[in-house]
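A short worksheet on the structure shown next.
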Amino acid sequence: MMLYEVPSGCGLKEVLEWEGVDLRDESLFFIFPDVPALNRAERLFLKHGLWGNRLLTFGKLASLLNRDMSVRLSRVGRLFLMEEVVEELADTFTYFKEPLIRGFSGSLVRLIAEFKHLKLTPDCLKEFAERLAEGVLKKKLIDLSGVFECYQKRLLGEGLVDDIDELALLSESIRNGRLGDVFPEAKRFFVFGFPDFTLTQVEVLKSIEERGYELRVFVPELSGFSTLRRRLSRKLGINPDDIRRLSLTSLRQRSVEIRSFPSFSEEVDFVSKEIKRLISEKGVRAEEICVVLRSFSEKAKDIVSGFDKLGLSYWVSRGISLKESLLGQFVIDLLEVKLSGFERKRFSHLLKSPFLSEFFKNTRCLESAVLELENKARKRRFQGGVREWLALLEESNLPRGFSESVKNLISLLNEGLNLGTLKGFCSDLIDLLDTLNVHMAVRRLSSTHRIHLFAWEKLSTLLRELRFLSNMGFEKAISPEECLFLLKDVFSEARFYLRSSEEERGVYVVEAFDLRGADFPYVFLLDVSERSFPMQFVQDAVLKDTERKVINGFMDGDFLLVEDIHYQDEELLFKLVCSSAKSSLWITYSQLDSRERAMLPSYLVEELAEEEGLAVKKETLKDRLLRAENVYTIYDLARYLFFTDSYREGELSEFLRQHWPHYERVISGVAAEKERLRNRGDFSGFEGVVKDLSFFKELSLSPTGLETYGRCPFRYFASRVLGLENLPEYEDDVSVLDTGGFYHRVLGNFFKALSSEMGGRVDLRTVGDDELIQKFRRFTEDINFSGEFGWLSPGIRELLKVKMLEEVLPTFILKEARRVREWNSKGFFPVSFEREVSFEFEGIRLRGVIDRVDIGDKGALVIDYKLGSPNTKRFCNPLHLQLPLYLFALKQEGITPYGGYYRFIEKPDEEKGESESGKGNIDAQIESALSYLRLYSSLIKRGFFAPVIEDKKACIDGLEVELRKDDYSTCGWCEFKDLCRVHGGVIRRYGG
Ligand code: SF4
C-alpha cells in the first residue's frame, strides 16, 4: 500500500494526470468516500467509455460482493433492536439504572457502531473493565459489554447485519477471492479523498492488498495536523516518513470572497441569485456548483425553498428527516390527538392539515368551516374530549358533509388505531392513511412542492419496514406513549433526499462531510458563524470525554473521538471544503441568528481572511436590490420599488399598473412602510396626530385616563378615544382587569357593609381578627362567583374561588384591618367607599371613583387598591396622578387633603404613599399633579396622540423624541401592541 498526501487545491483530475493514468484502463478501480465525489468522478470518465462499477464507495463494494449473504438492517431497525436489548437487560445493569436518559438507545447504537468500527468486541470491553478499579467507568463498561454482546447475538440470530458488519464480511469476501470473481479485470485500486479511515475500512484495504492488487491511497495534505497524520499512519501501519507527497505546481488560483449578511435568509437570497446569474448569464451548468453547510439542521429547507423560488434545480445529500417534514409532523399529530383525548387545540390544528384535504374534498370552503368549528369550540371553552366534539358537531349549524367527515375522522382515530403492538399499530396506521386519502393529497401538493412526494415515499417504506421487523420476531408490545416516542425517534432518523427533478442532478446541496474527495468549479460555503463551524463538541450521553480518554489509553491511540481531536477534525474539514473549490469560493455568514441574537464569524473565516489577505464584504438586501438585475420574484420587485422609490411615477410604474393588478395594493403598502421608517421628521397623522380638533373641544378626563395618556398617548387614543376593546377571553384565563375589578367590588361592598353595621364609619379597634374573618365569610356567601367568572370551566373556577375568597382577600383584609386600627387610633375612620368625584380645573372636567376615603380631624386620606407590583408606584409623578388629583377633588368639596396610599391586594404587606404625618408636602404634590394635568390636557386638545412613552413635555417644547417600544414596562402590558406603529430608531419632532 502506498500513501500519498495530495496538496490543497488539487483534485482527482490533477492526481490522475500526475500519475499518467489512462482513463480507458479497465484494470483500474477507484474507491471514494461519498456520492458527490463519485458523481464528480463519473464526469471525468464519461468521455472515456466504460466506467460503470469501476467507481466505488465502500458501501457499493459491499453490496456488490456481499450480495445474497445477509439482510442489511437499516438505522431505524438498529434503533428498534437496541430498544429491545435495553428492555431485556435493564434489570441487570449495574450503572445504567432507571430512569434511563431520553434517547438512550440511540446513543447506544452510535456508541456500539463506534466500537465496531474500532474492531473492539464485548470481550475487549470486559478486559478493559478488569483493568480498572471499582468506579463508574468500570460499571459502565460491564453494562456496555452486555449490551454489545446481546445486540450482536440478536442481530446474527435474526440473520441480519449492520453496515459495519458488512465491511467485516467484505474483507472476508475479498480474502476469499470474491473480488476477482466480480471484477476479473481489476488489477489496481486507487482510494481517493478520505482524510481518515475507520479500522474496518482499513481492514478492507488490507484484504485488497493481500490478494495482490496494487493499492494507492491518496489523502488530503495533513501538514499542520500532525496528530491526525500520526493517527492515520498508525491505522494504516505506514511509517509517517514513508508518506509521499505529490508535488503539483501548476495549480490555478481560485478566487475567494467572504461576505457577511444580516441574516441567514439574506445569505440564501444572495447565494441563490449568484447561482442563477452563473447559470443564466455565464452558461455554468447547475451540477458544476456546490452549496455547502456544515450541518443541515433546518437550514437545508431554507436553501431549497430559495432555489424553488428562482426555479433552480438541485440535489440534496443526506436529505431531511421525516420528523422535520410536514407529512411526518402530520402523522405524529394524528397520534398525539388520539393520546390527548382529542384536546381542543391539537384537534383544531389537525383539521387544518393540507394532508386531510382529500378526505374533506366534499366540503366547500373547507378553511372557513374549520375556522367556524374552531371558534365555536373556543367559545364553549371545553378542553377537548370525544363527547364534547360530537355534541358540538350535533348542535352547530356547519355544512352537513363537513360535520359528518369530522365525526368520521374522530371515529377512525378513536377506534382504528391499535396501539397494543408495533405490528398492529403499523398496519392500522397504513390503513388509516389510506382511508384518509393522504396519498391523493400528497400527489396534489407535490405539484408545487415535491418535498411531500419524497416524504411520502420515505414514510411508506418506513412503515413497511417496521411491519416487516415486527413479523421477524421484534414483536414488541408497546404502550401508546412508547409508540409515540418510538415514532418520533424513528422519524428523526429516517431521512429522505430532495431533488428538484428525477432526471437532472442540479446544484449539489451538501453537508461539509459529504464533500470529501469531491471538487467543484464553484463552491458556496454558507453559515460559517461561531456557532456552526466548527460544530460544537457534544459530550456523548453514555461515555464522557474523560472516560473515552481512558479507553483510548488502553488502545494506545486517539481512536474513540474526544474533544480536542473533534476540533482538529473540524479544522481539517473546513480546509477540505475550501480547497474543493477549483475556480471560485464564496464564504458567507450572518450577523444575527434566527432568534436575532448577535453572532460573530467563525475564527476559521477570520484566519482564512488573514492568510489570504481578504476583506469581508458586508452586504444588505438593499445593496442587492438596488441593482435591477437582482429582481427575480414578485417579492424582489416589491422590495426594489421600496428601495428605489420608483413606484411613484415613470415608465416602470405605468407598465406595472397596466400589467400587474396587485400593483396599487403593493404601492400603498410600500408608501406606508416608507413613512413609518422615515428616520427623522415631524409627527404626522400617520403617528397619531389628529387634525380635526372639534373632536376634543369638550374635554372630560379622569385621573386614570390621564395616567394612561402619561404612559402612552397612542394607547390612550386607542382605548379612550376610539373605544377599542380588549379581545374577549376565550381561554381558561382570567385577565388582570377581571381580577382587579372583582377584588375592588368585593372590598368596596364589604367595607360598606361594615360601615353601615357600625353606624357610618369603620372602627375596628374592638373587632378581633377572628370576628372580622367570620364576618367576611358570611359576606362572601352571597357572592355569585359562577356569575362573575361564568366562562371558566367548573374545575378551574372552583380553584380560583378558593384562591380569591379563601386566600388572597382574607389575608389582605387582616393586614388592612391592622392598618385601619392604627389610623383609628389617630382619629381616622373609613367613611366612604367607591366614592364618585367630579371637579373642574381650568375649564377641564374630571371624573373619577375613589376606592376609599378615611376621614379624620386633620383631613382626608385617600386609599386606592392595586393588585400587585408596588415597586414602580409613586404618590405623584408623570405616571401616577390618582392620589393627588383625588385629594384635589376632595379639596374642592372643602375637605382638607391629609394624604393618600396605594394598598396592594396580592402583596398585602406593601404600602406606597404619603401623608402630612410623614415628610410629604401634600399641597406641593397636588400642584405638581395639576401641572401634568395641564400638560396632558393641552396636548389632548391639540390632537396629539403619538406613541411617545418618554417625557411628553419634550413634544410641547418642539424637541426631538425617539419613538421606541419598551418591552419591560408600558409596552409589555399594552393591549394595542399590534396596532402600534412604533419602529425603533425613528426620531420625530412636534410643535417646533
Ligand atoms: S406598544 Fe407601547 S408605544 Fe405602542 S401603543 Fe402600546 S404603549 Fe404605546
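The values are calculated or read from the model by the stated rules, or taken from the named source; none is laboratory data. Predicted, not measured: the structure shown is a model, and the values here were computed from it. Counting neighbours? That spans all protein chains shown, and the Cβs are built from the backbone with ideal geometry, glycine included. Just so you know, the surface numbers come from the protein's heavy atoms only, side chains and all, with ligands and any DNA or RNA stripped out. Shrake-Rupley method; radii C 1.70, N 1.55, O 1.52, S 1.80 Å.
Residues in the stretch 184-204 that are touching a residue at least 60 places away in the same chain (Cβ under 8 Å) and not in a loop (DSSP other than H, G, I, E, B): how many?
Final tally of qualifying residues: 10.
Identification of helices (runs of 4 or more DSSP H) wholly contained in the stretch 751-843 with 3 or more residues that are assigned by TED's automatic domain parsing to the domain that holds Lys907, within 43 Å of the chain's Cα centre (by Cα) and over 30 Å from Ser938 (Cα atoms) yields 785-788, 794-801, 809-825. Looking at the structure I just gave you, is Arg988 modelled with pLDDT of 90 or more, within 16 Å of the ligand (Cβ to nearest atom) and either among the charged types (D, E, K, R) or closer than 26 Å to Gly900 by Cα (or both)? Answer is yes for this residue. Residues that are crowded, with 22+ Cβ neighbours inside 10 Å, outside the structural domain of Asp692 (by TED's automatic domain parsing) and either of a type in the set (Gly, Ala, Ser) or under 47 Å from the mean Cα position of the chain (by Cα) (or both) are absent from the stretch 921-928. Filtering the stretch 589-606 to residues that are open to solvent by 80 Å² or more (accessible area, probe 1.4 Å) and touching a helix residue (DSSP H, G or I) at 6+ places or on another chain (Cβ under 9 Å) leaves Ser594, Leu600. Can you name every residue in the stretch 408-420 that is at pLDDT below 80, touching a helix residue (DSSP H, G or I) at 6+ places or on another chain (Cβ under 7 Å) and not aliphatic (A, V, I, L, M)? Of everything in the stretch 408-420, those that are at pLDDT below 80, touching a helix residue (DSSP H, G or I) at 6+ places or on another chain (Cβ under 7 Å) and not aliphatic (A, V, I, L, M) turn out to be Gly416, Asn418. Residues in the stretch 439-473 that are under 17 Å from Glu493 (Cβ atoms), of a type outside the set (Ser, Thr, Tyr) and at pLDDT 80 or above: Phe454, Ala455, Glu457, Lys458, Leu459, Leu462, Leu463, Arg464.
So, in the stretch 960-974, exactly how many residues are assigned to a loop (DSSP other than H, G, I, E, B) and either within 16 Å of Ala946 (Cβ to Cβ) or near the ligand (Cβ under 8 Å from one of its atoms) (or both)?
Filtering the stretch 960-974 for residues assigned to a loop (DSSP other than H, G, I, E, B) gives 964-970, 974.
Checking which are either within 16 Å of Ala946 (Cβ to Cβ) or near the ligand (Cβ under 8 Å from one of its atoms) (or both) leaves us with 964-966, 970, 974.
Looking only at that region, the number is 5.
A single member of Leu939, Leu881 is at pLDDT 90 or above, crowded, with 16+ Cβ neighbours inside 10 Å and touching an Asp or Glu at 6+ places or on another chain (Cβ under 9 Å), and it is Leu881.
Of the listed requirements (1) within 16 Å of the ligand (Cβ to nearest atom); (2) surrounded by fewer than 19 Cβ atoms within 10 Å (Cβ to Cβ); (3) touching a residue at least 40 places away in the same chain (Cβ under 8 Å), Gly681 misses just one: (1). Among the residues of the stretch 709-762, the ones that are among the acidic types (Asp, Glu), within 16 Å of the ligand (Cβ to nearest atom) and in contact (Cβ under 8 Å) with a residue 12 or more places away in the chain come to 0 in all. Filter the stretch 943-959 for residues that are in contact with a Phe, Trp or Tyr (Cβ under 8 Å, 6 or more places away or on another chain) and not aliphatic (A, V, I, L, M); which is farthest from the ligand (Cβ to nearest atom)? For the stretch 943-959, the residue satisfying everything is Gly958.
Kindly indicate whether any position in the stretch 910-931 is within 16 Å of the ligand (Cβ to nearest atom) and touching a strand residue (DSSP E or B) at 6+ places or on another chain (Cβ under 9 Å).
no
Of the residues examined, Phe888 is not one that is open to solvent by less than 40 Å² (accessible area, probe 1.4 Å), at pLDDT below 95 and either within 25 Å of Val849 (Cα to Cα) or not in a loop (DSSP other than H, G, I, E, B) (or both). Name the single residue that is surrounded by the most Cβ atoms within 10 Å (Cβ to Cβ) among those in the stretch 545-565 being within 30 Å of the chain's Cα centre (by Cα) and under 23 Å from Leu144 (Cα atoms). Checking each candidate, the answer is Val562.
Does the stretch 692-708 contain any residue that is at pLDDT 90 or above and within 13 Å of the ligand (Cβ to nearest atom)? Talk me through it step by step, then tell me what you get.
So the first thing to find is which residues in the stretch 692-708 are at pLDDT 90 or above, and the list is 701-708.
Subset that is within 13 Å of the ligand (Cβ to nearest atom): 707-708.
Within the stretch 692-708 (the criterion being at pLDDT 90 or above and within 13 Å of the ligand (Cβ to nearest atom)), the answer is yes, since at least one residue qualifies.
Note on the stretch 593-633: residues that are in contact (Cβ under 8 Å) with a residue 24 or more places away in the chain, part of a helix (DSSP H, G or I), of a type in the set (A, V, I, L, M) and under 18 Å from Val271 (Cα atoms) amount to 2.
Conditions tested, residue by residue: (1) of a type in the set (D, E, K, R); (2) over 23 Å from the mean Cα position of the chain (by Cα).
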position	(1), (2)
Phe264	no, no
Asp269	yes, no
Ser280	no, yes
Phe296	no, no
Ile303	no, no
Gly306	no, no
Leu327	no, no
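Residue count for the stretch 503-559 under the criterion of being in a loop (DSSP other than H, G, I, E, B) and touching a residue at least 40 places away in the same chain (Cβ under 8 Å): the result is 23.
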